[in-house]
Structure formats: structure tokens, C-alpha cells
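The values are calculated or read from the model by the stated rules, or taken from the named source; none is laboratory data. Just so it is clear, the model here is predicted, and its values are computed rather than measured. Cβ atoms come from the backbone with ideal geometry, glycine included; neighbour counts cover every protein chain shown. For the accessible areas, the whole protein counts, side chains as well, though only heavy atoms, and no ligand, DNA or RNA atoms are used. Shrake-Rupley method; radii C 1.70, N 1.55, O 1.52, S 1.80 Å.
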Amino acid sequence: MSDFDWSAFLAARLDEAEPAAQRAASVAGPDWHHDHWWPEAGEATVMILSPDGSPLADMLSRDDEEMAPFIALNDPGQALREVVAARAILARHTGPHMCPEPQDDDWKVHEAGQEVTRTWPCGDVRSLLAQWSAHP
């Protein structure tokens, strides 16, 4: 990979995700779920609900019932847990120790006297970065 600062890029994406999830959690709670609602007209509607059962999003039709579980699984609580996990992985893979032992063929160890320098980012960090592959 290039000399681009991938650590700063990853940290910036986490810094964007965390406050957005915190704001959503402050309004509607962190852990959402989905359920069906049958209005008096009789057609089922899929709803995204907050922890107290308040509707957050009306999915409008039963054709959207595949989307509701996905949205509920990607609620603010999940997003915040992902940020914490990604920051922990990044912390273990940066700084004086860089990355642990090689994990794939693209990650190379070079002998330089007694020092061992490693090409960064390693496979673990590249896997974290992959979720932002569409980011400009």
C-alpha cells in the first residue's frame, strides 16, 4: 500500500461514526428491534422500534420486512460496539510494536540489522479498512 496514513484515515472514519451513533442513541436508545403492526385497515406494516417500544421508522409495507431486521441489527448500540472494537484493533496494530506476526503473504517482514520493520497496514487493519472501500 502507499504512504497514505491509513491509521489516520481509519481513526477519522471511527470519529465520524461514533458521534452519529451517540446522537441516534440519545434520541431513541441504543438497542432497536423490529416488529409487525397491523393497522385497522388490516395490512401488516414492519416497524423499527426503540427499546421502550416507540416506533422509529415505519417500513410502509410488508414487502420491506427484509430490511427491518437489518436496520435493527445495525442500531446505534451495534455501531458503538463496532467503533470500540475497531479502535482496540487499531491500537494493537499501531505505535512502537506495529503489527503482530505476519498474517498473509502481502504483509512482509524485512531484516534491517537487528531491527525488524514491517510493512503496514497488515491484513487485520486492511480488513478493518475494507468497510470504507467506497469512501472517497
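Annotations
- Members of segment 2-33 that are over 19 Å from Val84 (Cβ atoms) and in contact with a Phe, Trp or Tyr (Cβ under 8 Å, 6 or more places away or on another chain): Trp6
- Test: residue in segment 97-110 that is on the phi < 0 side of the Ramachandran plot, among the basic types (Lys, Arg), modelled with pLDDT of 90 or more and exposed (fewer than 14 other Cβ atoms within 10 Å of the Cβ): no
- Among the residues making up segment 1-31, those that are within 12 Å of the chain's Cα centre (by Cα) and open to solvent by less than 30 Å² (accessible area, probe 1.4 Å) are Leu10, Arg13, Leu14, Ala21.
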